[in-house]
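Colleague: Pasting a structure here, questions to come.
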Amino acid sequence: MDVLALTGGTVIDAGTGDYRRDQVVLVSGDRVTAVGPRPAVAVPPGAVSCDISGRWVTPGLIDMHCHLTPLSDDIPLEFFLACGVTTVRDPGGHAAEQRLLRESVRDGRRLGPRILVSGEILDGNPPVGVSWRILADTPERGRAAVAHLAAQGMDCIKVYNGITEDVLAAIIAVAGEAGLPVIGHVPRCLSMRRAVEMGMTGLEHIRITGLDFLPAGQARELDVLPIGEREPRLWQLIDLDAAWARNLITVLADYEVTLDPTLLIDEVVFGAGVAAQRDHPDNARLPTDTYRKWAAYQAPSQHAVPDELASAAVGMLARRREFVARCAQAGVMIVAGTDGAGLGDLLPGYALHRELGLLRACGLSARETLAAATVSAAHALGLADQIGSIEPGKIADIAVWTADPLTTGIGSADLELVIAAGRLLRSAALLTANSAG
């Protein structure tokens, strides 16, 4: 088996922020076999040696929330690798399609990142015609749905807005027996605090509900509104200095949940809007046919922001970032997800770099930001013993940068090499030259 030797680079410990300079990283098969200072690690005879002196080395990045299906036939998975993203989680889609896509990468038939999936989303009142949600309106149906998804080999269970408290309890119990984390939206009949206390371990998006701080009647009036109207109205009432908000953040930290705020999709939906992404210059990176298909996508009507709330919607973005900052300060584990893939700012791989920039803008340190897409994300996936750091015995997911990510931030122009499960790839060679025209 060939050995790959990366020599002379500075390895960044995403957990501590420490720099380990002039290192040798040995890779055999899909595993890291040795990491250490150049004088202490001998390069075996016949190894493929790559001098990366003057470069910075991080673990491969992880996008914790990226919908790959039903785009799987068109989605350029190589874009993820070209941005140093070696693992993605798809939290919601057809289980069979997700499984086939995951296996096509695992078996080498497609070039792309490692893929983890949830299968269909569990919802108490899924809309007619939305086939990637499973009706779970009773505890019995909730238990049966989890058993089905577990048998399909899913990596987690995702719940949605319409789940009721008794059904959520049943879902969490059966998922726990199967060893599957329960993530997703906070059901609208519950407060965020209550959902966490019941056993949800991963919160997708910033889904504070009215029940966290409002009288029940007023909360219900707000929580049933479409998201484009509900969030601006709700955040006009949220006082992050109030006791309930401070207590909520304490609960999130105490219960060791992970918060995946997906700030980027906030910026897209509540800022310029999804339709504006059709004219983004980065779309030129896509093959022409892919661009045309994606451009035909119509954003769900529930995302539309009423004209009278447009200013409030933009204004709440900074306050939501402040909520993330306060969570991080309190010790809540923040992970990075984009809620792509899509056009423009949501382009596969590139979107995660933008999400990391938004987390940095929240006030997270450079190390905390890198950890959100590496070691913290690996922990949230239950894969901290396999990925998320560069250590002997772990999977060789590695990114090599021409600039220090802890000082300049993470950008695609700085990525020189990526190693995905031991396979050495050059970023520039992964990108298509086709234009959207």
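The values are calculated or read from the model by the stated rules, or taken from the named source; none is laboratory data. In this text, all values refer to a predicted model and were calculated from it rather than measured experimentally. Using ideal geometry, Cβ is built from the backbone for each residue, glycine included, and neighbour counts are taken over all protein chains shown.
Colleague: Show the residue pairs meeting these rules: Cβ distance below 8 Å; 6+ apart or different chains; first residue within the range 1-30 and among the aromatic types (Phe, Trp, Tyr); second residue at pLDDT 95 or above.
Modeller: Tyr19/Thr10; Tyr19/Val11; Tyr19/Ile12; Tyr19/Asp13
Colleague: Between residues in the range 138-163 that are surrounded by fewer than 23 Cβ atoms within 10 Å (Cβ to Cβ) and residues that are assigned to a helix (DSSP H, G or I), which pairs lie under 6 Å by C-beta distance while being six or more apart or on different chains?
Modeller: Pro139/Asp166; Pro139/Val167; Pro139/Ala170; Arg143/Ala170; Arg143/Val174; Ala150/Ala178; Gln152/Ala95
Colleague: Arg188 passes all but one of (1) over 25 Å from the mean Cα position of the chain (by Cα); (2) surrounded by 20 or more Cβ atoms within 10 Å (Cβ to Cβ); (3) not hydroxyl-bearing (Ser, Thr, Tyr); which number fails?
Modeller: So the condition that Arg188 fails would be (1).
Colleague: Taking Ser49 and the conditions (1) touching a residue at least 60 places away in the same chain (Cβ under 8 Å); (2) hydroxyl-bearing (Ser, Thr, Tyr); (3) surrounded by fewer than 17 Cβ atoms within 10 Å (Cβ to Cβ), which numbered condition does it fall short on, given that it satisfies the others?
Modeller: Of everything listed in (1) touching a residue at least 60 places away in the same chain (Cβ under 8 Å); (2) hydroxyl-bearing (Ser, Thr, Tyr); (3) surrounded by fewer than 17 Cβ atoms within 10 Å (Cβ to Cβ), Ser49 misses just condition (1).
Colleague: What residue, among those in the range 113-142 that are touching a Phe, Trp or Tyr at 6+ places or on another chain (Cβ under 6 Å) and of a type outside the set (A, V, I, L, M, F, W, C), is farthest from Met64 (Cα to Cα)?
Modeller: By that ranking, first place goes to Asp123.
Colleague: Turning to a different aspect of this structure: From (1) in contact (Cβ under 8 Å) with a residue 60 or more places away in the chain; (2) surrounded by fewer than 22 Cβ atoms within 10 Å (Cβ to Cβ), pick out the condition that doesn't hold for Arg360.
Modeller: (1)
Colleague: Select, from Thr209, Thr201, Thr164, the only residue that is within 23 Å of the chain's Cα centre (by Cα) and farther than 30 Å from Glu308 by Cβ.
Modeller: Within the list Thr209, Thr201, Thr164, the selection yields Thr201.
Colleague: Looking at Val335, is it at pLDDT 95 or above, of a type in the set (A, V, I, L, M) and in contact with a Ser or Thr (Cβ under 8 Å, 6 or more places away or on another chain)?
Modeller: Considered against the rule, which asks whether it is at pLDDT 95 or above, of a type in the set (A, V, I, L, M) and in contact with a Ser or Thr (Cβ under 8 Å, 6 or more places away or on another chain), Val335 comes out as yes.
Colleague: Pick from the range 98-129 the residues that are among the hydrophobic types (A, V, I, L, M, F, W, C) and crowded, with 17+ Cβ neighbours inside 10 Å: which of them is farthest from Ala421 (Cα to Cα)?
Modeller: Selected residue: Leu122.
Colleague: Another question, then. If I ask for residues that are buried (at least 24 other Cβ atoms within 10 Å of the Cβ), under 20 Å from Ser427 (Cβ atoms) and over 10 Å from the mean Cα position of the chain (by Cα), which ones from the range 329-345 would you list?
Modeller: Ala341
Colleague: Also, quick follow-up: Can you tell me which of (1) at pLDDT below 95; (2) surrounded by 20 or more Cβ atoms within 10 Å (Cβ to Cβ) is the one Trp132 doesn't meet?
Modeller: If we test Trp132 against (1) at pLDDT below 95; (2) surrounded by 20 or more Cβ atoms within 10 Å (Cβ to Cβ), just (2) comes out false.
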